[in-house]
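The block underneath contains the structure these notes are about, expressed in structure tokens.
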Amino acid sequence: MDEIIARSNNYALLSRILLQELDTDILETLNSDPIILEFLPHWHDWEVRLSTPPQKLLEEYLNPDFTNLAILHLVPYETFYTREDQMIETGGANPVTDMYSAYDFIVDYEVARVVSADHIGIEMEFMHHLVQAELKAFQENDSDAVKELQAVQHTFLNKHLLQWAPLYLINMKYEARTPLYYDVAEMALEFILSDNEMLSTSTIG
């Protein structure tokens, strides 16, 4: 069960960081949680993080970097990478919408502030949603549901996230101007690859 909780937490954390600018609450978590700091070594050691007031850190360093990585220079949407015309599919024809609907996942566009359902932060949030459902099934000793949900997670990773997110995250790592987003890109890439490997093993047979 601890592994499921850890996976759920990782997807939730990555979704939040990749979806929109940080605020003081999430910054406090990133500054103080020793487990998170282990996954973000350059952020952990960054002298600016240790010496700069939180609001100034957000306004002068982190949020401008997010804007650069997610809005100005890079495109964090699946269809940009998978369509030949590199257009973002904003309507019902988006390839992720059927899976979202099948598992009662609704994108709140007003809160998320994204133009399409296939944003990397939303796809990470959907994985969090599925892992939470797996945790509930595990707690209810429903092994069939656990297996089914793991298979759905494996399918979603392979049909969606793994088809494009590695390229985006590699570019994000290369373009990052702060240690936080450099580390987050590296963490996210390693995590989805290792999670897929784990799911590949658990779904065999």
Selection from the range 175-190 of residues that are of a type in the set (A, V, I, L, M, F, W, C) and surrounded by 19 or more Cβ atoms within 10 Å (Cβ to Cβ):
ALA176, LEU180, VAL184, ALA185, MET187, ALA188
Looking at the structure I just gave you, is ASP98 in a helix (DSSP H, G or I) and either surrounded by 18 or more Cβ atoms within 10 Å (Cβ to Cβ) or among the charged types (D, E, K, R) (or both)?
yes
Scan VAL152, VAL184 and give me the residue that is at pLDDT 95 or above, of a type in the set (A, V, I, L, M), in a helix (DSSP H, G or I) and within 25 Å of ILE35 (Cβ to Cβ).
VAL184
When every residue in the range 36-49 that is within 30 Å of ASN158 (Cβ to Cβ) and without any contact (Cβ under 8 Å) to a residue 60 or more places away in the chain is compared, the one surrounded by the fewest Cβ atoms within 10 Å (Cβ to Cβ) is GLU38
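To keep it simple, each residue is scored yes or no on (1) touching a helix residue (DSSP H, G or I) at 6+ places or on another chain (Cβ under 6 Å); (2) surrounded by fewer than 20 Cβ atoms within 10 Å (Cβ to Cβ); (3) not polar (S, T, N, Q).
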site	(1), (2), (3)
ILE106	no, yes, yes
GLU110	no, yes, yes
GLU125	yes, no, yes
ALA151	no, yes, yes
LEU161	yes, no, yes
LYS173	yes, yes, yes
ASN196	yes, yes, no
Within the range 172-205, residues farther than 30 Å from LYS56 by Cα, touching a residue at least 40 places away in the same chain (Cβ under 8 Å) and among the aliphatic types (A, V, I, L, M) come out as LEU199
When you go through (1) surrounded by 12 or more Cβ atoms within 10 Å (Cβ to Cβ); (2) of a type outside the set (A, V, I, L, M, F, W, C); (3) touching a residue at least 40 places away in the same chain (Cβ under 8 Å) one by one for GLU59, which number turns out not to apply?
(3)
Considering THR79, THR24, THR52, THR29, which residue is under 17 Å from the mean Cα position of the chain (by Cα) and either surrounded by fewer than 19 Cβ atoms within 10 Å (Cβ to Cβ) or closer than 19 Å to ASP195 by Cβ (or both)?
THR29
Based on what the data block shows, is GLU84 among the charged types (D, E, K, R) and farther than 25 Å from GLN163 by Cβ?
no
State all residues of the range 45-104 that are closer than 21 Å to ARG16 by Cβ and small (Gly, Ala, Ser); if no residue qualifies, say none.
ALA70
Just checking, how many residues over the range 111-134 are outside any helix (DSSP H, G or I) and in contact with a Phe, Trp or Tyr (Cβ under 6 Å, 6 or more places away or on another chain)?
3
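Residue-by-condition table, conditions (1) of a type in the set (Gly, Ala, Ser); (2) at pLDDT 95 or above:
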residue: MET124; (1), (2): no, yes
residue: MET127; (1), (2): no, yes
residue: LEU130; (1), (2): no, yes
residue: LEU169; (1), (2): no, yes
residue: TYR174; (1), (2): no, yes
residue: PRO179; (1), (2): no, yes
residue: GLU190; (1), (2): no, yes
residue: SER200; (1), (2): yes, no
residue: ILE204; (1), (2): no, no
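The values are calculated or read from the model by the stated rules, or taken from the named source; none is laboratory data. Predicted model only: the values in this text are computed from it and were never measured. Positions of Cβ are generated from backbone atoms using ideal geometry, with glycine treated the same way; all protein chains shown enter the neighbour counts.
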